[in-house]
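In what follows, a single structure is set out as structure tokens and then discussed.
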Amino acid sequence: MTPLEFVLYVLLISVAAGVLGSLLGLGGGVIVIPVLTLLFGIDIRYAIGASIVSVIATSSGAAAAYVRDGLTNLRVAMVLELATTSGALTGAYLAGLLSGRWLFIIFGVVLAYSSLMMIRKLKQSEFQQSTKPAPWADYLRLHGSYFDKRTGRETYYRVTSTRIGLAMMYVAGAISGLLGIGSGSLKVPAMDLAMHMPIKVSTATSNFMIGVTAAASASVYYMRGEIDPFIAAPVAVGVLLGALGGSYLLPKLRSSTIRLVFVVVLLWISGQMLWQGIRG
Amino acid sequence: MSGAVRIPSTSTPIVEHNPRVRQVELAISNLLRGGVVLSILLIVAGTIITFAQQPSYVSQPSELQRLIAPGAKFPHTIIDLASDLKQMRGEAVVTLGLLVLIATPVMRVAISILAFIYQGDRLFTLITSVVLCLLLLSLFLGRGE
């Protein structure tokens with residue numbers, strides 16, 4: 001493989017990862033890392049360095065479109081970023097204490113749990129308004145609405161369980177700091193399942209928050225010399241283009257379709273993570 | 001999970017209808033898009049320059065490992081980057097694009113603070129300022145390693 005061929009292959013695969021990552025709110029990083037290491041035999045550290053940049057690309061690229069479409073809940077994002085950024089600081093500190101094997105196993109278990117929760121929710125096919133009292137969300141004025149392109153109506157929703165959401169986001173931020181990924185797979189369930197936000201709003205808001213967390217990790221990787229421009233360039237550009245394409249598809253898709261794809265991808269990734277941890 | 005009290009679902013949620021909120025949404029969207037477009041232009045231009053400067057990258061499979069294997073040479077300090085940029089090296093232009101991408105979310109948080117000041121929302125000005133401080137702290141901690 002010549003360097004030119006390498007760049008073109010990585011670009012094509014990154015476009016596919018970007019579309020998928022954008023639709024699922026995953027950030028693309030968890031898809032790009034296995035592809036780069038298993039298919040191209042790239043050193044895991046360089047794969048993570050390229051991935052973390054692509055995570056920012058996905059987040060910023062798709063978030064720009066989601067925010068314009070009014071799908072993102074900016075107030076929820078700002079509040080929850082308190083937890084994701086402090087979590088990321090904790091995670092970066094803990095990364096020096098825990099062994100990599102345990103991190104993979106913990107992550108695999110967390111992801112499997114999240115996806116099983118998603119399957120349980122598949123039975124209630126569409127979004128249901130929560131009626132639980134929500135004093136924190138009332139005080140912070142977190143409730144919102146979005147225009148559902150499929151039904152053609154403005155859909156209102158109440159945000160609940162802000163404190164549980166904050167706790168889950170702290171964990172998501174810590175995982176992000178530990179593994180150098182966006183951890184959208186933890187952020188979406190926190191909003192969708194715990195805070196009762198519609199899946200489309202959860203996905204859009206997750207995408208919006210991922211960039212901030214990833215930016216902190218990326219600067220560390222850059223300083224360590226782990227962002228190789230030759231790998232990161234096609235990954236960042238490819239994932240970016242894929243993410244923009246995905247963000248145009250998202251508002252047109254049925255919520256239950258997104259959720260089903262989400263479950264399958266989550267289970268597959270959690271299996272990969274567990275295997276990586278057990279194998280050592 | 002406080003309280004068994006159930007509020008009837010008929011009550012309309014309290015939602016922001018401030019036109020200023022829409023302005024902020026558009027400003028943030030434009031900032032994110034601007035940062036992304038600038039970085040993609042730099043990365044693509046840098047990649048083209050790289051291949052133009054090194055014709056062997058197009059024809060020689062043996063060159064690949066030197067570029068992507070551990071120990072590959074590329075600018076990873078600001079000083080290296082500045083001197084490589086003066087020589088218009090392709091890799092340096094790509095790296096500059098990657099750094100613009102990394103800075104984009106940080107700028108988004110900074111502009112959000114201004115937006116909340118503009119809206120007169122003290123609580124959210126404080127919340128967003130704390131986020132920026134945490135972010136800068138993490139950048140600082142990264143440098144300390």
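Across the range A:221-228, coupling constants 3J(HN,Hα) worked out from phi with the 6.51/-1.76/1.60 Karplus curve, θ = phi - 60°, read 4, 4, 4, 6, x, 10, 9, 7 Hz, and Gly and Pro carry x.
Largest accessible area first, the residues B:123, A:140 order themselves as B:123, A:140 under a 1.4 Å probe with ligands, DNA and RNA left out. Accessible-area rank, largest first, for A:195, A:223: A:223, A:195, with all protein chains present and a 1.4 angstrom probe. Name the shape class, rounded, prolate or oblate, that the alpha-carbon gyration tensor gives for the range A:1-92, where a ≥ b ≥ c are the square roots of its eigenvalues, rounded holds for a/c under 1.5, and otherwise prolate holds if a/b is larger than b/c and oblate otherwise. Verdict is oblate for the range A:1-92. Residues whose amide H falls under 5 Å from that of residue A:147, counting only those 5 or more places apart or on a different chain, are A:155, with hydrogens built in the peptide plane. Note that the range B:106-121 has calculated 3J(HN,Hα) couplings of 5, 4, 4, 5, 4, 5, 5, 4, 4, 5, 6, 4, 4, 7, x, 9 Hz, one per residue in order, obtained from phi through the Karplus relation 6.51 cos²θ - 1.76 cosθ + 1.60 (θ = phi - 60°); glycine and proline are x.
Couplings 3J(HN,Hα) for the range B:64-79, derived from phi with the Karplus relation 6.51 cos²θ - 1.76 cosθ + 1.60 (θ = phi - 60°), are 4, 4, 4, 8, 10, 7, x, x, 4, 8, 7, x, 10, 10, 4, 5 Hz, where x marks Gly and Pro.
For the pair residue B:58 and residue A:224, a Förster radius of 41 Å applied to the C-beta separation gives a FRET efficiency near 0.85, rounded to the nearest 0.05. Packing around the peptides A:142-152, A:175-185, B:73-83, B:100-110, taken as the average count of other Cβ atoms within 10 Å per residue, puts them in this order, highest first: A:175-185, B:100-110, A:142-152, B:73-83. Ordering A:75, A:279, A:153 by accessible surface, largest first, gives A:153, A:279, A:75; the 1.4 Å probe counts only protein heavy atoms, with every chain in place. With a 10 Å cut-off around each Cβ of B:93-101, the average count of Cβ atoms from other chains is 6. Taking 12 Å as the straight-line reach from the Cα of residue A:149, the aspartates and glutamates in range (excluding those fewer than 8 positions away in the same chain) are A:69.
The values are calculated or read from the model by the stated rules, or taken from the named source; none is laboratory data. Predicted, not measured: the structure shown is a model, and the values here were computed from it. Here Cβ is always computed from backbone atoms with ideal geometry, including for glycine, and neighbour counts include all displayed protein chains. What goes into the accessible areas is simple: the full protein's heavy atoms, side chains included, and nothing from ligands, DNA or RNA. Shrake-Rupley method; radii C 1.70, N 1.55, O 1.52, S 1.80 Å.
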